1. For region 255-274, enumerate the residues that are surrounded by fewer than 20 Cβ atoms within 10 Å (Cβ to Cβ) and of a type outside the set (A, V, I, L, M).
2. Regarding Val207, is this residue within 21 Å of the chain's Cα centre (by Cα) and at pLDDT 95 or above?
3. Being surrounded by 22 or more Cβ atoms within 10 Å (Cβ to Cβ) and touching a Lys or Arg at 6+ places or on another chain (Cβ under 9 Å) is the filter here, so list the residues in region 292-307 that pass it.
4. Give me the pairs, please: first residue somewhere in region 266-280 and among the β-branched types (Val, Ile, Thr), second residue anywhere and assigned to a loop (DSSP other than H, G, I, E, B), beta-carbon distance under 6 Å, and either six or more positions apart or on two chains.
5. Please enumerate the residues belonging to region 44-62 that are of a type in the set (A, V, I, L, M, F, W, C) and buried (at least 21 other Cβ atoms within 10 Å of the Cβ).
6. Tell me which residues, restricted to region 143-165, are of a type outside the set (A, V, I, L, M, F, W, C) and either within 14 Å of Leu7 (Cα to Cα) or assigned to a helix (DSSP H, G or I) (or both).
7. Could you run through region 31-79 and say how many residues are in contact (Cβ under 8 Å) with a residue 60 or more places away in the chain and charged (D, E, K, R)?
8. Identify, by number, the condition in (1) under 19 Å from Arg188 (Cβ atoms); (2) without any contact (Cβ under 8 Å) to a residue 60 or more places away in the chain; (3) part of a helix (DSSP H, G or I); (4) not β-branched (Val, Ile, Thr) that Met230 doesn't meet.
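The values are calculated or read from the model by the stated rules, or taken from the named source; none is laboratory data. Everything numeric here is computed off the predicted structure, so don't read it as measured data. Here the Cβ is made from the backbone with ideal geometry for all residues, glycine too, and neighbour counts use every protein chain on show.
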Amino acid sequence: MLQTVTLTLNPAVDSITSVERVVAERKLRCGEPRFDPGGGGLNVARAIQRLGGQAVAYWTRGGPMGELLEQRLDAEGVRHRPIPIEAMTRENLIVLEQASGQQFRFGMPGAKLTADEAERCLRSVRELDPAPDFLVLSGSLPPGVEDDFYVRVAEASPSACRIVLDTSGPPLRAGIEGGVYLIKPNVRELSELAGRDRLEVSEIRDVARGLISAGHVRVVVTSLGSSGVMLVTETDCEHIPAPEVEVRSKVGAGDSTVAGIVLGLAQQKEIRDAVRLGVAAGSAAVITEGTELCRRQDAMRLYEEIR
């Protein structure tokens with residue numbers, strides 16, 4: 001199997017709890033909290049492991065929250081390499097309102113990185129030995145890191161390494177300027193790249209092909225939510241529908257999709273089959289509760305259904 005590394009500059013401890021009802025200006029008695037690892041690249045590595053593969057996760061660790069996050073990763077058996085920073089790793093809060101079944105998600109901005117710490121992250125990529133076949137850059141950038149940081153990572157990565165970029169906003173727009181292998185925007189994010197308010201599904205192919213023709217990316221996988229994804233390469237365009245499932249929580253679905261795609265590619269599947277595995281993994285994630293990622297048995301069952 002080909003080797004995969006993920007990089008997470010803005011990891012988090014996801015603190016999950018529940019309350020009967022969210023009411024303003026009232027002290028709310030919450031249920032017993034649970035603490036899960038969070039952050040795009042860490043979730044991708046965790047999901048790859050759940051699917052039967054393996055990845056090495058590089059991430060920034062600082063303060064007591066960083067220590068707690070490391071303990072949680074160790075408990076899950078995830079292979080990881082923390083990069084020390086001075087500021088404390090962030091904590092996000094996720095509250096389930098029992099009366100409505102709705103989730104309230106409060107995401108913090110993250111630990112501010114110094115210029116030296118950002119350089120340390122770049123050096124970690126530059127010194128990867130052996131060079132991985134895939135490098136997944138996933139998640140938001142923390143305060144103190146410029147929007148073009150993912151371009152610098154691409155430039156620092158080994159030439160044979162295929163980069164998978166899953167972020168949004170200015171970091172996505174800047175990141176593709178360095179040339180990457182695959183991106184996974186949703187329709188809104190792809191619309192922003194095109195400078196449009198809202199793309200129709202029928203317009204996705206042409207916009208994606210424009211990015212490919214410009215040399216920014218080789219594969220564009222656009223998320224269509226419950227409708228699946230649109231896969232666009234230089235020569236092909238295919239809508240891969242998602243199977244019908246009962247949605248319990250959408251948390252982690254995007255990261256599970258990326259994990260399935262990268263694992264499929266690491267298993268040297270053709271791009272269509274790799275993306276089908278990604279859709280199956282994302283669908284498997286939404287049928288789990290809370291922040292739980294995909295389960296292998298669910299993903300494999302749904303993968304066979306899609307095929």
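1. Restricting attention to region 255-274, the residues satisfying the condition of being surrounded by fewer than 20 Cβ atoms within 10 Å (Cβ to Cβ) are 267-273.
Listed by number, the residues that qualify are Gln267, Gln268, Lys269, Glu270, Arg272, Asp273.
2. Working: within 21 Å of the chain's Cα centre (by Cα): no; at pLDDT 95 or above: yes.
Taking the combined requirement at face value, the residue does not satisfy it.
3. The first filter runs over region 292-307 and keeps only residues surrounded by 22 or more Cβ atoms within 10 Å (Cβ to Cβ), leaving 293-294, 299, 302-303.
The answer is Leu293, Cys294, Ala299, Tyr303.
4. Listed pairs, sorted by first residue: Val279/Gly228; Val279/Ala242.
5. Keep residues of region 44-62 that are of a type in the set (A, V, I, L, M, F, W, C), which gives 44-45, 47-48, 51, 55-57, 59.
Val44, Ala45, Ala47, Ile48, Leu51, Ala55, Ala57, Trp59, listed by residue number.
6. Pass one, region 143-165, residues of a type outside the set (A, V, I, L, M, F, W, C): 143-144, 146-148, 150, 152, 155, 157-159, 162.
Across region 143-165, the qualifying residues are Tyr150, Arg152, Glu155, Ser157, Arg162.
7. Number satisfying all stated conditions: 4.
8. Single failed check for Met230: (3).
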